[in-house]
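**Student:** Dropping the structure in here first, questions after.
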Amino acid sequence: MKIAVISDIHGNLPALIHVLDDIQAREIRQIYCLGDLADFAPWPNECIELIKTLNIPCLQGNHDQWIAEDSKIVALANHSAEEARDRELAINHSKATITLDNKAFLKDLPFQIRLDYKIAAKRWQILLVHAHPDSNNKHLYEQEPDETFAFLLDREQVDALIMGHTHYSFVKEIENKWAINCGSVGRSKESTRDASYLILDINEDRIIPEIIQLDYNKWSVRNAIKDSEIPDLYAYFWDAK
């Protein structure tokens, strides 16, 4: 059987639609979302409504929590004062424009999802988190030592740990288990800025992960951001290579 895992939509409706169309074309019926539905592009309500309409199980990302709870925004150490200001303006824009129903939806999202698949004689345990099993404000990058992932896989007693949050995809096999970042649908930091998601092919004898990256009309997103009240810093993101 195959499942798809998406994450970090960040209000980018064109990217989300393109990815969902690709998943449908591959005839994959089960989709999971790791959160961060809003911020930085102009369609947070539309993205949330689409996830709701399709009944896609979804986690609460750190941005979802900040919006739902109107909680303090955690600053990033590597940001300049200008970047920090624009980031707060963008998140506050989401807080002001997302509907009350959608805020309630974000507030009720779970922190993690555990999947238990039995394929013939084999049982697979898979843990979905937004960022890290301990916190949505922690980062796990591909460059982390294998021992870091091996410890978490063993502690959580799972065959695969799947995450998002960093906006960089990777697949690491560690002692016949998997640590996977599915990347970002709506705001990938990889060089092409293509929409990224994960297909997990779950078989009796093995799990086969595949990162899918799709080009789409990024310029439409760039221009829509420039025409919105979101700071132009987030439009210039699409110029980077």
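**Student:** State whether one or more residues within the range 84-99 are within 19 Å of Gln112 (Cα to Cα), within 18 Å of the chain's Cα centre (by Cα) and either small (Gly, Ala, Ser) or modelled with pLDDT of 90 or more (or both).
**Tutor:** No, because not a single residue in the range 84-99 is within 19 Å of Gln112 (Cα to Cα), within 18 Å of the chain's Cα centre (by Cα) and either small (Gly, Ala, Ser) or modelled with pLDDT of 90 or more (or both).
**Student:** Mind listing whichever residues of the range 45-59 are of a type outside the set (Val, Ile, Thr), open to solvent by less than 10 Å² (accessible area, probe 1.4 Å) and farther than 18 Å from Ala131 by Cα?
**Tutor:** Cys47
**Student:** Select from the range 21-64 the residues that are on the phi > 0 side of the Ramachandran plot and not polar (S, T, N, Q) and list them in ascending order.
**Tutor:** Correct list: Glu27, Gly35, Asp36, Asp39, Phe40.
**Student:** Then there's this: Take the residues in the range 175-197 that are touching a Ser or Thr at 6+ places or on another chain (Cβ under 6 Å) and not in a loop (DSSP other than H, G, I, E, B); name whichever of them is nearest to Trp124 (Cα to Cα).
**Tutor:** Asn181
**Student:** Here is a follow-up. So, in the range 176-188, how many residues would count as being free of Cβ contacts under 8 Å to residues at least 60 places away in the same chain, touching a helix residue (DSSP H, G or I) at 6+ places or on another chain (Cβ under 6 Å) and of a type outside the set (A, V, I, L, M, F, W, C)?
**Tutor:** The qualifying residues number 1.
**Student:** I've got another one for you. If I filter the range 189-207 down to residues being without any contact (Cβ under 8 Å) to a residue 40 or more places away in the chain and closer than 25 Å to Arg29 by Cβ, which single residue comes out as least open to solvent (accessible area, probe 1.4 Å)?
**Tutor:** Looking at residues that are without any contact (Cβ under 8 Å) to a residue 40 or more places away in the chain and closer than 25 Å to Arg29 by Cβ, I get Ser196.
**Student:** Identify all residues within the range 60-117 that are open to solvent by 30 Å² or more (accessible area, probe 1.4 Å), under 19 Å from Ser7 (Cα atoms) and in a helix (DSSP H, G or I); write none if there are none.
**Tutor:** Gln65, Lys103, Phe105, Lys107
**Student:** Of all residues in the range 28-59, which are in a loop (DSSP other than H, G, I, E, B) and closer than 25 Å to Trp238 by Cβ? Spell out how you get there, then give the answer.
**Tutor:** Initially, the range 28-59 is screened for residues in a loop (DSSP other than H, G, I, E, B), giving 28-29, 34-43, 54-57, 59.
Passing the criteria: Leu34, Gly35, Asp36, Leu37, Ala38, Asp39, Phe40, Ala41, Pro42, Trp43.
**Student:** Another question, then. List, please: which pairs have Cβ atoms under 6 Å, are six or more places apart or on different chains, and start with a residue in the range 122-141 that is at negative phi and modelled with pLDDT under 95 and end with one that is among the aliphatic types (A, V, I, L, M) and not in a strand (DSSP E or B)?
**Tutor:** Asn137/Val74; Lys138/Ala131
**Student:** So, in the range 142-164, exactly how many residues are in contact with a strand residue (DSSP E or B) (Cβ under 8 Å, 6 or more places away or on another chain) and outside any strand (DSSP E or B)? Walk me through how you get there before you give the answer.
**Tutor:** In the first step, residues of the range 142-164 are kept if they are in contact with a strand residue (DSSP E or B) (Cβ under 8 Å, 6 or more places away or on another chain); the result is 142, 146, 149-150, 152-153, 156-164.
From the residues that got through so far, the ones that are outside any strand (DSSP E or B) too are 142, 146, 149-150, 152-153, 156-159, 164.
Here the count works out to 11.
**Student:** Does Ser135 meet the test of being in contact with a strand residue (DSSP E or B) (Cβ under 6 Å, 6 or more places away or on another chain), in a loop (DSSP other than H, G, I, E, B) and open to solvent by less than 50 Å² (accessible area, probe 1.4 Å)?
**Tutor:** no
The values are calculated or read from the model by the stated rules, or taken from the named source; none is laboratory data. In this text the structure is predicted, and so the values were computed from the model without any measurement. Methodologically, a virtual Cβ is constructed for each residue, glycine included, from the backbone with ideal geometry; neighbour enumeration extends over all protein chains shown. When the accessible area is computed, the model is the full protein with side chains, heavy atoms only, and any ligands, DNA or RNA have been set aside. Shrake-Rupley method; radii C 1.70, N 1.55, O 1.52, S 1.80 Å.
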